[in-house]
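What follows is one structure encoded as structure tokens, with my remarks underneath.
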Amino acid sequence: METNRQKKIGGVIQKDLVDILQGEIRKNGISNLVISVSKVTVTTDLSVASVHLSIFPQEKAAETLAAIKSNAPLIKHDLAQRVKLQLRKVPNLIFFIDDSLDYIEKIDNALSSKENPIENRDLLERRKKS
């Protein structure tokens, strides 16, 4: 269960990371790439922040995530400059790809196809009683 302090710090980090990442995309003239920060969770001791990124198009996600991870110290420094009046210490940033939209799309496609697991129960795996 996240405390209010963790949620507030996560929100501040999320807002500023969006500005930093979008600014770098614009500054480098990269077109056809959208990065959004979908969620930031901060540990209870406020030392580590897990940053979940949605990257479009999906084909560029792995290489973009690798580039972001390699530039994590610079991103943390930029973030520290922005939040220095709000936080004493900026948490370490760990970046992940948020695949929840792909998961939702996969479920939506399964429900809209002719092989709907809700209507045809035989498509679901049977639970084994042990």
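May I ask you to say which residue of LYS15, LYS27, LYS39 is basic (Lys, Arg) and farther than 25 Å from ALA62 by Cβ? Testing whether each residue is basic (Lys, Arg) and farther than 25 Å from ALA62 by Cβ leaves just LYS15.
Selection of the stretch 81-101 for residues being open to solvent by 60 Å² or more (accessible area, probe 1.4 Å) and either in contact with a His (Cβ under 9 Å, 6 or more places away or on another chain) or more than 17 Å from GLN6 (Cβ to Cβ) (or both) yields GLN81, ARG82, LYS84, LEU85, PHE96, ASP99, LEU101.
Restricting attention to the stretch 14-43, and to residues there that are of a type in the set (Lys, Arg) and assigned to a helix (DSSP H, G or I), which single residue is most open to solvent (accessible area, probe 1.4 Å)? Going through the qualifying residues, I end up with ARG26. Within the stretch 117-128, identify whether any single residue is under 19 Å from GLN14 (Cβ atoms), modelled with pLDDT under 90, among the aliphatic types (A, V, I, L, M) and part of a loop (DSSP other than H, G, I, E, B), and answer yes or no. No: zero hits.
The residue of the stretch 85-110 that is nearest to the chain's Cα centre (by Cα), among those that are of a type in the set (Val, Ile, Thr) and not in a loop (DSSP other than H, G, I, E, B), is ILE97.
The set of residues in the stretch 55-78 being in a loop (DSSP other than H, G, I, E, B) and within 19 Å of ILE13 (Cα to Cα) consists of ASN71 alone. Taken together, the residues in the stretch 103-114 that are at pLDDT below 75 and surrounded by 10 or more Cβ atoms within 10 Å (Cβ to Cβ) amount to 2. MET1 satisfies every condition listed in (1) open to solvent by 20 Å² or more (accessible area, probe 1.4 Å); (2) in contact (Cβ under 8 Å) with a residue 12 or more places away in the chain; (3) over 27 Å from GLU105 (Cβ atoms) except (2). In summary, GLN81 fulfils each of the numbered conditions (1) part of a strand (DSSP E or B); (2) more than 18 Å from the chain's Cα centre (by Cα) with the single exception of condition (1).
Working only within the stretch 36-48, note down all residues that are over 17 Å from the mean Cα position of the chain (by Cα) and free of Cβ contacts under 8 Å to residues at least 24 places away in the same chain. Result: ASP45, single match.
Yes/no per residue for (1) at pLDDT below 90; (2) under 16 Å from the mean Cα position of the chain (by Cα); (3) of a type in the set (Gly, Ala, Ser):
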site	(1), (2), (3)
GLY10	no, yes, yes
LEU17	no, yes, no
ILE25	yes, no, no
VAL34	yes, yes, no
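Restricting attention to the stretch 44-77, the residues that are over 24 Å from TYR103 (Cβ atoms), touching a strand residue (DSSP E or B) at 6+ places or on another chain (Cβ under 6 Å) and open to solvent by less than 50 Å² (accessible area, probe 1.4 Å) add up to 2.
The values are calculated or read from the model by the stated rules, or taken from the named source; none is laboratory data. Since the model is a prediction, treat every value here as computed from it, not as a measurement. Backbone-built Cβ (ideal geometry, glycine too); neighbour counts: all protein chains shown. In case anyone asks, the SASA skips ligands and DNA or RNA and just uses the protein heavy atoms, side chains included. Shrake-Rupley method; radii C 1.70, N 1.55, O 1.52, S 1.80 Å.
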